[in-house]
1. Kindly provide the Kirkwood hydrodynamic radius of the stretch 242-347 in Å, to one decimal, from all pairs of distinct alpha carbon atoms.
2. Less than 12 Å Cβ to Cβ from LEU191, Lys/Arg counted +1 and Asp/Glu -1: what total charge do the surrounding residues give?
3. Given a 1.4 Å probe and every protein chain left where it sits, what share in percent of the accessible area of the chain is carbon and sulfur?
4. Could you give the size of the charge dipole of the stretch 2-327 about its Cα centre, using +1 on the Cβ of each K and R and -1 on the Cβ of each D and E, expressed in debye and rounded to the nearest 20?
5. Check LEU271: other-chain or 5+ apart residues with amide H under 5 Å from its amide H, H built from backbone geometry?
6. So, for the chain, what is the accessible surface per residue at a probe of 1.4 Å, expressed in square angstrom?
7. Ratio to report: Rg/Rh of the stretch 189-245, with Cα atoms as the point set and Rh obtained by the Kirkwood method; give two decimals.
8. Projecting each Cα onto the charge dipole of the chain (Lys/Arg +1, Asp/Glu -1 at the beta carbon, about the Cα centre), which of SER212, VAL168, VAL82 comes out farthest on the positive side?
Amino acid sequence: MSSRLSEAYKTRPVHLHHRHLDITSLQELPDSHAWSQVDEYSAAAGGLRRGDSFVSENVPVIDLHDPNVLQLIGHACKTWGVFQVINHGIPTSLLDKTESTSRNLFSLPIEQKLKASRSPDGISGYGFATISSFFSKLMWSEGFTIAGSPLDHFRQLWPQDYANHCDVIEEYDKEMKKLAGRMMWLMLDSLGITKRDVKWAGPKGKFEDACSAALRLNYYPACPDPDRAMGLAAHTDSTLLTILYQNSTSGLQVLKEGNGWVTVPPIPGGLVVIIGDLLHMMSNGSYTSVLHRAVVNRSKDRLSIACLYGPPTSVQISPFPKLVDPSHPPLYRPITWHEYLGTKAKHFNEALSSVRICSPDDSNFNDDFVCFPRKKA
Ligand SMILES: C=C1C[C@]23C[C@@]1(O)CC[C@H]2[C@@]12CCC[C@@](C)(C(=O)O1)[C@H]2[C@@H]3C(=O)O
Ligand SMILES: O=C(O)CCC(=O)C(=O)O
Ligand SMILES: [Fe+2]
């Protein structure tokens, strides 16, 4: 796995002043984890509050063998910014093995997990999501990020049998990167972008070896008071795209205009594809980087594995010239992934609008501020 991504936080360390608490055995929600605002954004998007039931639209499920796959993907990217894929070619056995390694990791004693903690200027290791620093309350989840080789951290976690767990994670990373490269072309194709338009897609034009990815293992224990807790706060991903495996417990929700928060139900063997901020910029705003979050529940724990896929960290990302003309001026200034991760660590959900080109007569200019007002828990 590439370790270039690990450089991104060296100049902008993310200090988290939270104490680690073993939340798995708690019978009550401690004040440190009690959120007063769990339904932010919902009213603005025209939806109901958590717990209210109403019929809403469903996140598209796309069969990658469907003859209309390009149109289906293009439509999903524009209207939802998220979809699920089936017939993607990733063997169920690999998904099962990776889930089993992740479960094994999170079931280790807290002292053991803390031996593999993420450092403030690092990306890899056990610890809170980087966005935790924006909230006064803690999230009801544990996480482990892997960028580059997992070997050093896994040796700390499993001194005896780290090798097998490393093999599983490395195989998963390799397969996910291949699928992400394939998804990239399906999404770009449906925008009319060809290999000639993407100079950094690597020698074979398949994004392989050119792109970086980080894996984030997320674990959400069952929660004694789920309505006042937050598994992972609403955010967009700072990626080109994210491929998410979720086990059979639901919890992922996306914000959809006119519907509010919509649950992405787990489907056997399915994988969720989430458009990130960089693809939003490259498409000049036509593909939506969707605001999403993870909620928790009282009876079941939940596990998800995100492959956060981005371009080579020092390539300038900007709207494709093909998608720009006098009536569609570029909406974003060029930025590298490295710089954008730093911007996200500083501005969180306002990062995207901070990269937006300011034009006084652009009536949409303030849209991002309207959609993503920064909220404290
Ligand atoms: C490459 C990355 C994207 C990410 C920050 C990270 O350095 C590694 C973890 C990623 C993650 C996963 C959970 C949500 C998120 C917002 C976070 O805090 O850590 C994302 C970050 C992101 O997309 O900005
Ligand atoms: O656990 C989930 O469903 C969401 C995880 C996520 O959004 C992330 O890791 O970026
Ligand atoms: Fe995410």
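The values are calculated or read from the model by the stated rules, or taken from the named source; none is laboratory data. This is a predicted model, so every value here is computed, not measured. No Cβ is skipped: glycine too gets one built from the backbone with ideal geometry, and neighbour counts run over all protein chains shown. What goes into the accessible areas is simple: the full protein's heavy atoms, side chains included, and nothing from ligands, DNA or RNA. Shrake-Rupley method; radii C 1.70, N 1.55, O 1.52, S 1.80 Å.
1. Numbers: mean 1/r = 0.0633 Å⁻¹.
For the stretch 242-347, inverting the mean 1/r across all distinct Cα pairs yields 15.8 Å.
2. 0
3. Carbon and sulfur together cover 51 percent of it.
4. Working: 31 positive and 33 negative charges, 105 e Å.
Computed charge dipole of the stretch 2-327: roughly 500 debye.
5. Correct list: VAL85.
6. Result: 43 Å² of accessible area for each residue.
7. Taking Rg over the Kirkwood Rh, I get 1.18.
8. Comparing the listed Cα positions along the dipole, SER212 ranks first.
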